Amino acid sequence: MTPVQMTCRTLVELVTDYLEGALPDDERARLETHLATCDGCTRYLAQIRETIRLTGELTEALIEPEARDALRGVYRAWLDD
Ligand SMILES: [Zn+2]
């Protein structure tokens, strides 16, 4: 069985759980495997971590709207699948 490749869309949906340590081990492993091969998601995760560092909160709602829009632009091509 070939493991199912996690998509960028799924990573975005799971990233807060990942950062909270709330993902099951198998999901976390898939997410980290995807990160190792995807520059877009690596940048996305870095952006989220920076936001958390600045705000002290792990809440997507606290990400500046402009930053969210920029991230959507980065992902647009991939999210069309
Ligand atoms: Zn990705």
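The values are calculated or read from the model by the stated rules, or taken from the named source; none is laboratory data. In this text the structure is predicted, and so the values were computed from the model without any measurement. Glycine gets a Cβ as well: all are built from the backbone with ideal geometry, and neighbour counts include every protein chain shown.
Here are the numbers:
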quantity	calculated
Pairs where the first residue, in region 19-34, is surrounded by 15 or more Cβ atoms within 10 Å (Cβ to Cβ) and the second is among the polar types (S, T, N, Q) and outside any helix (DSSP H, G or I), C-beta under 9 Å, 6+ apart	30/5; 34/5; 34/7
Counted residues, region 15-26 - those being within 15 Å of the ligand (Cβ to nearest atom) and modelled with pLDDT of 90 or more	1
